[in-house]
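Visitor: Could you have a look at this structure, given as structure tokens, before my questions?
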Amino acid sequence: MASYEEMITSSPIDEAPYVEEDDMVEDDEVRRDGMQEYEHDPEREVWGTHEDVNEYNPGGFHPVHIGDVIHGRFEVLHKLGQGGFGMVWLCHDRDTETWRALKILSASQTEKSKEPAVIAHLTKHHTPEKLQESHILMPLEVFQIEGPNGRHICQVLRVMGYSVREWRQQSDEEEDKSGVKMRNMCHQIAQGTALLHSVGVVHGDLRPSNILMELDQKTLNNLSKDELLTLVDEEPTTIPVFTKNGEDCGAHAPRYTVAPIYKPWFETLLLEKVAIGDFGESFRITDPEKTTGIPLEYAAPEILLPGKAGLGSDIWSLACTLYETRTGKPLLGSEEWNGARFGTLVHDIEALLGPLPEPFRTRWEESDYIQPDVLEVPKSEKDLFALDNQPGIRPVTCTPSQLGLAKRIRLSGTPYTDVFCGLLGKQRGDYERHYLDEEELEQMEADGVDMEEFYEKCRREAAEQGYKYTEQEILALGGLLGQMVKYESDARLAASLVLQHQWFKDVATPPPKPLEDTAPQPDTGAEEPVIGQNPRPLQYQQVSVLLGVFGVLLSLSCCVAYGLIRSDTGIFNVVWKGLKSGQNVECTCWTSD
């Protein structure tokens with residue numbers, strides 16, 4: 001298979017069949033700084049139903065319609081997804097009679113993205129089979145097209161299923177009480193991350209939304225067009241595109257935008273395998289970035305408070321991803337659709353790791369970050385106020401007593417002292433002690449509520465539901481997270497060591513045997529063969545056996561000779577004495593001292 005660079009440079013650049021210069025809108029009245037302006041509903045973009053139509057300008061998205069045939073091969077049937085870097089379309093490859101996902105990057109992303117260089121680097125070091133086996137989603141083919149908005153890289157990909165985030169949200173924990181299936185998914189994600197890091201690639205946007213579930217490609221590609229459309233059972237939802245002055249959009253924009261397929265049509269094709277995709281934020285460690293476009297709740301401190309992103313940034317994101325995949329909840333931030341506020345997120349990090357250290361502390365203080373709203377310490381928690389008078393580094397997002405309260409809340413209802421174990425060790429009722437504000441407390445006291453009885457009732461109700469995870473798993477995963485989530489990037493556990501952690505011991509599979517390489521390995525001098533090495537060559541084994549047999553025979557011969565000569569009852573002495581006395585000798589035994 002050709003390399004990524006070869007696929008791009010060797011493929012002719014297609015021109016969109018419907019692009020005519022005469023059709024392009026040149027009316028300055030409907031342009032802003034040379035850009036076409038459209039009627040736009042931001043809410044549709046936020047909710048992911050439609051893209052930002054203002055991106056249909058030079059440097060932006062390539063206009064596509066249902067039924068278009070791209071590159072003379074790929075017939076567009078529906079939209080699979082969209083993002084800031086481009087669109088992904090469900091296509092039928094007329095040449096191979098297979099179903100493919102066609103990702104068309106925006107013109108600006110085609111020019112500035114490091115993704116082509118990263119993919120070329122990966123395909124240079126590993127075969128497509130190895131990358132797929134290691135849970136990395138790579139293009140099957142790459143070509144370029146020329147359109148009204150510029151030149152666009154097109155990646156031909158396998159059709160994939162849910163993102164891990166979507167899969168986890170609809171998963172039934174009762175069907176996987178042991179968590180083996182989810183740990184297996186986590187192990188695959190760690191495998192993919194380890195492979196990227198082994199060749200010096202930082203993903204830069206590692207999170208559940210960018211990790212996709214594999215589909216049974218053989219069954220999928222056996223479906224006819226009618227069968228697939230029946231399976232999808234969803235007509236494309238379209239919205240007409242208009243300019244702000246109501247005139248024709250011209251060639252820069254499509255006549256309509258298309259919402260991605262909503263229905264999970266692929267459920268019967270899902271495999272319990274994942275692949276890491278979306279390398280739009282990726283880079284090589286030899287060409288580091290100060291920050292990436294990763295959402296705040298998955299971003300390491302060196303990205304939140306910009307320093308220099310690297311392999312350790314991925315490890316932080318991997319920890320957040322493993323926790324969310326196992327529990328269904330984010331490690332940091334909220335579960336709300338709009339993610340987390342910056343100040344609140346930094347407060348969450350301080351609650352896990354303690355006060356923000358340098359150099360992040362100075363970056364926080366020199367910036368205009370808004371202080372987060374944090375809980376006030378109730379008067380009933382008198383011991384926490386003593387923290388405010390203790391020497392040492394103070395948190396940047398709250399007082400020491402408030403930070404102590406935040407940690408206490410995370411440990412409430414659990415027998416653990418480690419905060420990561422505390423997060424995992426909640427009862428099924430997700431019990432947390434009810435920290436009441438002053439008004440609530442006064443009202444309950446006025447109503448004559450016995451507070452100790454109230455708290456005991458909360459604990460009892462939660463305890464009746466039991467714990468979600470076993471103590472063994474809580475300690476294992478909590479320990480793993482503690483080694484991955486650290487302020488110091490270099491102190492975080494390497495991806496290769498994450499794979500070896502005991503949390504994966506019941507799901508980890510041995511590395512695949514090499515397809516070739518049957519040459520004998522040199523003798524290591526070890527008494528036992530080392531696991532994973534070839535045994536000693538046959539000729540060495542034969543020589544060893546022969547030498548051993550010869551040694552045994554030589555030892556026996558020496559012992560026999562010694563006995564025959566030295567023993568008073570030995571045969572030589574008995575015979576010699578008999579001959580001297582002239583008596584007949586009958587030997588009934590052969591003994592030696």
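The values are calculated or read from the model by the stated rules, or taken from the named source; none is laboratory data. Note that the structure is predicted; figures quoted are calculated from it, not measured. Cβ: placed from backbone, ideal geometry, glycine included. Neighbour counts: every protein chain shown.
Visitor: Restricting attention to segment 184-201, does a residue exist that is touching a helix residue (DSSP H, G or I) at 6+ places or on another chain (Cβ under 8 Å) and within 30 Å of GLU146 (Cα to Cα)?
Guide: Yes, that holds for at least one residue.
Visitor: Has segment 274-291 got any residue that is in contact with a strand residue (DSSP E or B) (Cβ under 6 Å, 6 or more places away or on another chain), in a helix (DSSP H, G or I) and under 30 Å from LEU331 (Cβ atoms)?
Guide: no
Visitor: Being of a type outside the set (A, V, I, L, M) and crowded, with 21+ Cβ neighbours inside 10 Å is the filter here; which residues of segment 206-226 pass it?
Guide: Those that are of a type outside the set (A, V, I, L, M) and crowded, with 21+ Cβ neighbours inside 10 Å: ARG207, PRO208, ASN210.
Visitor: Still on this structure, please answer the following. Of everything in segment 63-79 that's among the hydrophobic types (A, V, I, L, M, F, W, C) and within 31 Å of the chain's Cα centre (by Cα), which residue is farthest from ILE104 (Cα to Cα)? Explain how you work it out, then say what you get.
Guide: In the first step, residues of segment 63-79 are kept if they are among the hydrophobic types (A, V, I, L, M, F, W, C); the result is 64, 66, 69-70, 74, 76-77.
If we keep only those that are within 31 Å of the chain's Cα centre (by Cα) as well, we get 74, 76-77.
Values: PHE74: 12, VAL76: 12, LEU77: 15 Å.
Applying the filter and picking the extreme gives LEU77.
Visitor: Quick test for you: out of ILE104, ILE119, pick the one residue that is touching a residue at least 40 places away in the same chain (Cβ under 8 Å), touching a Cys at 6+ places or on another chain (Cβ under 9 Å) and crowded, with 20+ Cβ neighbours inside 10 Å.
Guide: Working: ILE119 fails: touching a Cys at 6+ places or on another chain (Cβ under 9 Å).
From the options ILE104, ILE119, the qualifying one is ILE104.
Visitor: Name the residue that is nearest to ASN210 (Cα to Cα), counting only residues in segment 319-376 that are of a type in the set (Val, Ile, Thr) and modelled with pLDDT under 85.
Guide: Ranking the qualifying residues of segment 319-376, first place goes to ILE370.
Visitor: Being among the hydrophobic types (A, V, I, L, M, F, W, C), over 30 Å from HIS187 (Cα atoms) and either at pLDDT 85 or above or touching a Gly at 6+ places or on another chain (Cβ under 7 Å) (or both): is that true of LEU405 here?
Guide: Spelling it out, LEU405 is indeed among the hydrophobic types (A, V, I, L, M, F, W, C), over 30 Å from HIS187 (Cα atoms) and either at pLDDT 85 or above or touching a Gly at 6+ places or on another chain (Cβ under 7 Å) (or both).
Visitor: Filter segment 167-188 down to residues that are in contact (Cβ under 8 Å) with a residue 40 or more places away in the chain, assigned to a helix (DSSP H, G or I) and not basic (Lys, Arg), then give me how many there are.
Guide: Of the residues in that region, 10 qualify.
Visitor: If you scan segment 288-300, which residues turn out to be out of contact with any helix residue (DSSP H, G or I) (no Cβ under 6 Å at 6 or more places or on another chain) and under 15 Å from HIS197 (Cβ atoms)?
Guide: Hit for segment 288-300 is PRO288, nothing else.
Each row is one residue, and each column tells you yes or no for (1) in contact with a helix residue (DSSP H, G or I) (Cβ under 9 Å, 6 or more places away or on another chain); (2) closer than 27 Å to LEU270 by Cβ; (3) buried (at least 19 other Cβ atoms within 10 Å of the Cβ).
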{"position": "GLY86", "(1), (2), (3)": "yes, yes, yes"}
{"position": "THR110", "(1), (2), (3)": "yes, no, yes"}
{"position": "VAL156", "(1), (2), (3)": "no, yes, yes"}
{"position": "ARG165", "(1), (2), (3)": "yes, yes, no"}
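Visitor: So, LEU229, is that one in a helix (DSSP H, G or I) and surrounded by 13 or more Cβ atoms within 10 Å (Cβ to Cβ) or not? Explain how you work it out, then say what you get.
Guide: Values: in a helix (DSSP H, G or I): yes; surrounded by 13 or more Cβ atoms within 10 Å (Cβ to Cβ): yes.
When the stated conditions are applied, LEU229 passes them.
Visitor: In segment 276-301, which residues are surrounded by fewer than 22 Cβ atoms within 10 Å (Cβ to Cβ), in contact (Cβ under 8 Å) with a residue 60 or more places away in the chain and among the aliphatic types (A, V, I, L, M)?
Guide: Matches in segment 276-301: ILE285 only.
Visitor: I'd like the residue in segment 176-188 that is of a type in the set (A, V, I, L, M, F, W, C) and buried (at least 19 other Cβ atoms within 10 Å of the Cβ) and, out of all such residues, is nearest to the chain's Cα centre (by Cα).
Guide: CYS186
Visitor: Let me ask you something else. Considering segment 456-505 alone, what residues qualify as being over 17 Å from ALA194 (Cβ atoms), modelled with pLDDT under 95 and among the basic types (Lys, Arg)?
Guide: Once the filter is applied, which keeps residues that are over 17 Å from ALA194 (Cβ atoms), modelled with pLDDT under 95 and among the basic types (Lys, Arg), segment 456-505 yields LYS457, ARG459, ARG460, LYS468.
Visitor: Return the only residue of GLY150, GLY179, GLY161 being in contact with a helix residue (DSSP H, G or I) (Cβ under 9 Å, 6 or more places away or on another chain) and more than 23 Å from SER209 (Cβ to Cβ).
Guide: Being in contact with a helix residue (DSSP H, G or I) (Cβ under 9 Å, 6 or more places away or on another chain) and more than 23 Å from SER209 (Cβ to Cβ) holds for just one of GLY150, GLY179, GLY161, which is GLY150.
Visitor: Here is a check on your reading of the model: is GLN191 modelled with pLDDT of 95 or more, surrounded by fewer than 20 Cβ atoms within 10 Å (Cβ to Cβ) and part of a helix (DSSP H, G or I)?
Guide: no
Visitor: While we're on this one: Does segment 136-149 contain at least one residue that is under 30 Å from TYR469 (Cα atoms), acidic (Asp, Glu) and surrounded by fewer than 22 Cβ atoms within 10 Å (Cβ to Cβ)?
Guide: Within segment 136-149, not a single residue is under 30 Å from TYR469 (Cα atoms), acidic (Asp, Glu) and surrounded by fewer than 22 Cβ atoms within 10 Å (Cβ to Cβ).
Visitor: State whether one or more residues within segment 286-305 are in contact with a Gly (Cβ under 8 Å, 6 or more places away or on another chain), small (Gly, Ala, Ser) and modelled with pLDDT under 95.
Guide: yes
Visitor: What are the residues in segment 373-405 that are aliphatic (A, V, I, L, M) and under 17 Å from ASP348 (Cβ atoms), if any?
Guide: Answer for segment 373-405, where residues must be aliphatic (A, V, I, L, M) and under 17 Å from ASP348 (Cβ atoms): VAL374, LEU375, VAL396, LEU403, LEU405.
Visitor: Right, here's the next one. Can you go through LEU206, LEU157 and tell me which one is of a type outside the set (D, E, K, R) and out of contact with any Asp or Glu (no Cβ under 8 Å at 6 or more places or on another chain)?
Guide: Result of the check over LEU206, LEU157: LEU157.
Visitor: Considering segment 232-275 alone, what residues qualify as being within 16 Å of HIS40 (Cβ to Cβ), of a type in the set (S, T, N, Q) and surrounded by 15 or more Cβ atoms within 10 Å (Cβ to Cβ)?
Guide: THR238, THR243, THR257
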